1. How many residues are surrounded by fewer than 22 Cβ atoms within 10 Å (Cβ to Cβ) and either at the interface with chain B (Cβ under 7 Å from one of its Cβ atoms) or over 21 Å from residue B:180 (Cα atoms) (or both) when one looks only at the range A:369-381?
2. Checking the structure you have, find out if any residue of the range A:217-224 is touching a residue at least 24 places away in the same chain (Cβ under 8 Å), within 14 Å of another protein chain (Cβ to nearest Cβ) and in a loop (DSSP other than H, G, I, E, B).
3. Residue A:500 - would you say it is in a loop (DSSP other than H, G, I, E, B) and farther than 30 Å from residue A:51 by Cα?
4. Which condition number in (1) surrounded by fewer than 19 Cβ atoms within 10 Å (Cβ to Cβ); (2) in contact (Cβ under 8 Å) with a residue 60 or more places away in the chain is the one that residue A:263 fails?
5. When the residues of the range B:157-191 are narrowed to those that are within 11 Å of chain A (Cβ to nearest Cβ) and under 15 Å from residue B:243 (Cα atoms), which ends up modelled with the highest pLDDT?
6. Could you tell me whether residue B:219 is part of a helix (DSSP H, G or I) and assigned by TED's automatic domain parsing to the domain that holds residue B:133?
7. Just wondering, is there one or more residues in the range A:126-145 that are at pLDDT below 90 and surrounded by 14 or more Cβ atoms within 10 Å (Cβ to Cβ)?
8. For the condition modelled with pLDDT under 95, crowded, with 19+ Cβ neighbours inside 10 Å and either touching a strand residue (DSSP E or B) at 6+ places or on another chain (Cβ under 8 Å) or under 23 Å from residue A:41 (Cα atoms) (or both), what is the one hit in A:230, A:219?
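The values are calculated or read from the model by the stated rules, or taken from the named source; none is laboratory data. This one's a predicted model, so the numbers in the text were calculated from it and none came from an experiment. Here the Cβ positions follow ideal geometry from the backbone for every residue, glycine too, while neighbour counts run over all protein chains shown.
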């Protein structure tokens with residue numbers, strides 16, 4: 001697996017980002033020319049002792065950095081993601097000339113504005129706490145990343161400028177050419193935002209898979225090599241996709257909040273529609289996410305078997321069970337929201353009878369998905385089984401079973417979506433029957449193929465094929481989803497609507513599903529972020545710079561989960577504040593008799 | 001007669017619960033761990049709740065009996081009975097849960113802890129990331145000699161390992177029942193099939209005492225074989241383990 005990483009294009013934004021990087025690359029090349037002379041300029045990684053870590057006001061430095069980093073990351077993920085889909089929604093609005101899209105896009109960006117300043121504040125706190133509590137680590141990293149850190153700071157000017165013009169100029173830049181200017185600004189905003197994220201990713205992946213330095217940590221002077229380290233692209237892809245899903249879920253929670261506090265049916269209808277779209281965005285990004293995660297994990301394994309085993313087989317494996325439970329929760333609540341949403345259409349009765357079967361498959365696949373590899377057994381059970389290995393559940397605990405289960409869950413979520421879309425439509429083409437038969441065949445063949453790949457390659461061939469089999473599985477899933485969407489668009493070409501959609505006709509329970517989505521996402525990101533960073537164990541920079549602080553041990557799972565949970569609660573409180581502020585800004589009080597006329 | 005929704009839900013849940021127990025414990029003869037069953041049932045309940053409440057009608061029907069029980073004046077007697085029974089049942093449940101027992105507390109065991117990067121084996125520092133089975137290449141280059149080595153490995157295994165790991169390599173040797181943790185089952189897809197040969201070498205050579213701190217508290221009886229066997233003997237035994245079970249060691253190359 002030690003092949004060069006495929007240069008994934010994550011789209012336009014990345015291309016723009018690459019432009020910025022050529023500058024860095026040239027610098028790197030220049031430095032490399034000076035060769036050894038340049039190398040002597042850089043010190044090796046410092047060897048620290050406990051005395052090198054200041055203790056300040058009795059604060060636990062690890063927890064302080066941990067919480068600030070986590071809070072900063074949650075807000076940053078949200079703030080980076082919102083402009084991505086706001087851009088898309090704005091473009092959809094321009095194409096369809098449906099003003100509702102434009103209004104919704106504006107409302108989304110409005111929510112992210114307050115969050116933007118919180119992101120910056122928390123970023124500052126993170127920076128301060130790193131410098132104060134871990135001065136040697138920070139100074140080591142900043143010798144290697146001096147250029148990129150400098151550009152990073154500069155980019156914030158560009159980011160803020162683009163964001164403020166984009167937001168405050170929304171109503172000013174309307175119509176014809178101006179609208180295009182506005183959309184272009186949105187593109188610039190995204191390009192800058194993504195570049196910022198890519199730079200920050202380089203620093204943290206350097207700590208996991210250092211590059212551009214020798215065994216003692218002496219920097220070669222090639223900044224691009226340090227940035228483009230082994231895990232950089234896998235993290236880039238994973239974060240980019242996850243941020244969109246996360247942003248979608250947070251604005252979904254916002255819409256749910258507004259729905260529940262709405263004063264009339266019009267407002268309810270509006271926020272119902274908004275919640276639906278937010279959920280749609282979250283699910284679209286959620287579907288490919290397990291694959292991005294799998295790719296990341298595989299690359300971590302490939303980089304260091306030790307880190308890989310710590311991640312998946314060692315102590316952190318138990319957190320993966322929680323992860324599996326939370327991801328399953330995401331799928332279940334997203335599906336539940338869709339099913340509840342079918343009540344908006346009078347034609348849904350035709351499809352609701354299938355819901356229970358979808359639920360059975362989803363829950364079944366979910367149970368497989370979180371069955372742990374190592375079971376927690378009582379002594380009696382241990383005796384009854386004759387060993388810690390369970391002949392049925394054991395095989396369900398390993399990757400091929402998980403991959404199969406998650407692909408099945410994704411396909412059935414897509415099926416829920418298809419029913420939702422069909423609920424309000426009647427097909428008029430003469431070949432409806434044949435079309436439906438093809439749909440059924442497509443799904444059946446896809447699922448059969450996934451099961452075959454999972455069972456045959458997963459259990460009857462060696463590990464190389466086990467890992468490799470996940471790729472055709474993913475492709476099958478993608479083909480089924482794309483194929484069924486395409487086919488449905490033909491079947492319903494020129495079709496009739498059953499009646500108008502009743503936006504707002506959705507039970508309040510469904511709104512709580514949206515909240516659950518946001519909370520589960522937040523918690524998940526916190527836990528997985530901890531794992532990603534924790535698998536370095538007692539290293540600041542893996543195998544190069546040792547962590548000699550008193551906290552250089554892996555905390556117990558319960559402790560780690562508590563820290564993440566506290567951080568998640570703080571974050572939620574801040575988010576509620578953001579929602580509330582967005583609401584206050586449009587409230588007006590008429591102070592009768594206060595001002596003189 | 002149509003079964004009321006609440007009863008339907010309860011019946012489904014009870015059916016699934018006993019279904020699990022019957023299928024696993026009776027038909028497949030492999031008990032389902034209670035810790036897992038609790039988790040399974042939690043999410044099955046969530047699924048049932050989702051199916052019964054996605055529309056208003058269903059929800060109303062589902063909660064109607066509960067509402068009536070609490071609000072309807074004619075149900076007073078029932079209400080009082082339920083309001084006594086439910087807290088009592090909850091109390092009894094808690095009592096049973098908290099009652100001290102002689103059962104050793106459950107341990108979260110990490111069966112495959114991460115190996116160290118280097119380890120001291122046979123008095124040398126070996127780098128586990130780079131270590132390879134010196135005989136593995138013979139599998140292609142000289143199949144005949146390879147077979148001989150596997151045979152020799154089998155002999156080592158039968159003389160030393162089968163007491164614990166079993167003559168079928170299924171972890172069920174004559175001593176197995178007395179050990180906790182139990183010897184591992186090499187036939188299982190979750191053990192050696194997931195590991196590199198260097199990992200096995202490390203585990204066999206250093207045994208239970210060689211396990212890293214992370215795997216504690218863990219009193220593994222696996223002996224430290226570097227004290228009893230020669231280095232080649234361990235490598236040959238590893239060949240045999242994979243050969244007999246039909247698994248192949250984890251590799252990253254794709255040849």
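1. The first filter runs over the range A:369-381 and keeps only residues surrounded by fewer than 22 Cβ atoms within 10 Å (Cβ to Cβ), leaving A:372, A:374-376, A:378-381.
This time we only want the ones that are either at the interface with chain B (Cβ under 7 Å from one of its Cβ atoms) or over 21 Å from residue B:180 (Cα atoms) (or both), so: A:374-376, A:378-379, A:381.
Residues flagged as surrounded by fewer than 22 Cβ atoms within 10 Å (Cβ to Cβ) and either at the interface with chain B (Cβ under 7 Å from one of its Cβ atoms) or over 21 Å from residue B:180 (Cα atoms) (or both) within the range A:369-381 amount to 6.
2. There is no residue in the range A:217-224 that is touching a residue at least 24 places away in the same chain (Cβ under 8 Å), within 14 Å of another protein chain (Cβ to nearest Cβ) and in a loop (DSSP other than H, G, I, E, B).
3. On the way: in a loop (DSSP other than H, G, I, E, B): yes; farther than 30 Å from residue A:51 by Cα: yes.
Answer is yes for this residue.
4. For residue A:263, the exception is condition (2).
5. This residue is B:186.
6. Details: part of a helix (DSSP H, G or I): no; assigned by TED's automatic domain parsing to the domain that holds residue B:133: yes.
Considered against the rule, which asks whether it is part of a helix (DSSP H, G or I) and assigned by TED's automatic domain parsing to the domain that holds residue B:133, residue B:219 comes out as no.
7. Taking the range A:126-145 and keeping what is at pLDDT below 90, we get none.
No, that holds for no residue.
8. On the way: A:230 fails: either touching a strand residue (DSSP E or B) at 6+ places or on another chain (Cβ under 8 Å) or under 23 Å from residue A:41 (Cα atoms) (or both).
Among A:230, A:219, only A:219 is modelled with pLDDT under 95, crowded, with 19+ Cβ neighbours inside 10 Å and either touching a strand residue (DSSP E or B) at 6+ places or on another chain (Cβ under 8 Å) or under 23 Å from residue A:41 (Cα atoms) (or both).
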